[in-house]
1. Please give every one of the lysines within straight-line cross-link reach of Lys243, meaning a C-alpha to C-alpha distance under 27 Å, and leave out same-chain neighbours fewer than 8 residues apart.
2. Which angle from 0 to 90°, rounded to the nearest 10, does the C-alpha axis of helix 219-230 make with the longest principal axis of the chain?
3. How many percent of DSSP beta bridges within the chain run antiparallel, rounded to 5?
4. Tell me which label goes with the value of volume of the Cα convex hull per residue in Å³ computed from the coordinates here: [x] 152; [y] 205; [z] 176.
5. Test of understanding: given the chain, find the longest segment containing no GluC sites (Glu not before Pro) that are in a DSSP loop and have at most 16 other Cβ atoms within 10 Å.
6. How much length is gained on full extension from Thr80 to Asp223, taking 0.36 nm per residue of separation minus their Cα-Cα distance?
7. Could you name the aspartates and glutamates in cross-link range of Lys124, using Cα to Cα under 14 Å and dropping any fewer than eight places away on the same chain?
8. Relative to the present Cα-Cα distance, how much length would full extension add between Asn156 and Tyr232 at 0.36 nm per residue of separation?
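Rule-based calculations on the coordinates, nothing more; no lab input. Here the structure is a predicted model, which is why all the values come from computation and not from measurement. All Cβ positions, glycine included, derive from the backbone under ideal geometry; neighbour counts span all protein chains shown.
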Amino acid sequence: MTIVSLQQPIRDPNWRMGFIGGSDAVKIIRGDWHDLYNEKIGIAQPSDLSHLFNVQLGTYTEEFNLAWFEQEYGVQIIDTQPEYKKTIEGIPFKATLDGLVNYKEKIGDNFVGVECKHTSSFKKFDDILTYYYPQIQLYMKVADLSHMYLSVIFGNQWECKLVSQDEAEWLRMLPIFRDFWGHVIKKQPPKAEMPNELPSNVHHMTLDNMVARDATKDNEFKDIEHYYMCHYDDTQIFEDAKKRLKALVKPNEREVFTDKLSIKRNKRGALTIKIKEGASHGI
């Protein structure tokens, strides 16, 4: 019987110096600067993750994750672990993708990246996406990709979405990267605590080429929403309002929301209206 080897490859102790990589991007945007700064100037070594079960499980399920992605999307991975480097505004960036596919026939892009994750079954896709969004956006910018798949195993379940390059988010993050790298260049330790600037939600993100829209200031939507909320016990008016609300959801919208309700599109394209917690009928 063949046993999977848990032996880790021997790396140069300073292999993470000289660039900002994908996992670095998450730490920087999350505000975890101190230990990363020490690694980048060579006075500390990266944490030993070889005995962290969840980290190693993610590593050893990566090959299966890519194989499942190939099967479900009907494409072939043409490269694994391709590396890209790019200097932007004097900051050296590096991207190592889990996989790369030629997807021209599917979405028009010559190449699309694949990033694999493995996490708890209690997590939701939005949680993983907001956490790793800086990494995915950095990878697309450095590798010159317009789209990247985030393929996630949740315990024994799998979910995958196509993430689009987000130029506005990149421009928001770039000054933060520049600030961090300035400390590295000057060998000037950062503050012990930096703000967590990870995205708070996925509303501004384009997923599977679908967008979310805030209809709070859409007068037509709000008028119909009022009828929907106030006539919950009047079947005819309620059903008419529900139909009219759904008709306002555009074909490229995965969700339309206000402070009172949200309309979400499922994988089959069906729309479901859900009243938000705290919002009352009749108001």
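1. Result set, ordered by chain and number: Lys217, Lys222, Lys260, Lys264, Lys267, Lys274, Lys276.
2. 70 degrees
3. 70 percent
4. After the calculation, the listed value that fits is [z].
5. 90-192
6. 46.3 nm
7. In chain and number order, the partners are Glu159.
8. Separation in residues times 0.36 nm, less the Cα-Cα distance, equals 23.5 nm.
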